[in-house]
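Student: Have a look at this one before I ask anything.
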């Protein structure tokens, strides 16, 4: 049985968490055991997921296997992007400078603000009628 090297990276975005494994291969990307184009559905999200690999010209060199949970499709795509970037670092630490310059190692801290009492949502008040 051949031994393959797999490198792991965790990505988070909003409420989505992605566990990403990178292994040398022909560029196949699977998310939750489905093809990434079928899973994501939107071409812009496909570009987001592949962006760290495209930025480093490693597009067809690694197979990506990702498992996501939480959040929506867009948040999961962002989480996978961060996971791929972190997994690439475990292959080669020299890539850190390029990934940092491209903004792929920065965890996006924006999350939904909690709802407050006396309000309809986090900041929006209830509708007011003078009468």
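Just so you know, all these numbers are worked out from the coordinates, no wet-lab data involved. Everything numeric here is computed off the predicted structure, so don't read it as measured data. Neighbour counts run over all protein chains shown; Cβ positions are idealised from the backbone, glycine included.
Student: Could you work out the helix-only [θ] at 222 nm for the chain, with each DSSP H run of four or more residues adding -39,500 (n - 2.57) and the total divided by the number of residues, to the nearest 500 deg cm²/dmol?
Tutor: Result for the chain: -10000 deg cm²/dmol, rounded to the nearest 500.
Student: Next up: Among 86, 19, 124, 131, what is the fewest-to-most ranking by other Cβ atoms within 10 Å?
Tutor: 131, 124, 19, 86
Student: I would also like to ask the following. Among 41, 103, 70, which one moves the most in a GNM of the chain with springs linking Cα atoms closer than 10 Å?
Tutor: Answer for the Gaussian network model of the chain: 41.
Student: Contact order normalised by length for the chain, with contacts defined as Cα pairs under 8 Å and 6 or more residues apart; what percent is it?
Tutor: In percent, rounded to a whole number, it is 32.
Student: What three numbers, in Å, describe the spread of the alpha carbons of region 85-126 along their principal axes, ordered from the longest?
Tutor: 53, 17, 7
Student: Rg/Rh for region 46-130: what does it come to with C-alpha atoms and Rh from Kirkwood?
Tutor: My calculation of the ratio gives 1.21.
Student: Using only the Cα atoms of region 1-105, what do you get for the radius of gyration and for Dmax, in Å?
Tutor: Computed over the Cα atoms of region 1-105, radius of gyration and Dmax are 12.6, 39 Å.
Student: Right, something else. Using Cα springs under 10 Å in a Gaussian network model of the chain, which residue among 117, 104, 62 shows the largest mean-square fluctuation?
Tutor: 117
Student: Roughly what would the spin-label model give for residue 69 and residue 37, points 7 Å off Cα along C-beta, in nm?
Tutor: 3.0
Student: Comparing 118, 102, 71, which has the greatest mean-square fluctuation in the GNM of the chain with Cα pairs linked when under 10 Å apart?
Tutor: Sorting by GNM fluctuation, first place goes to 118.
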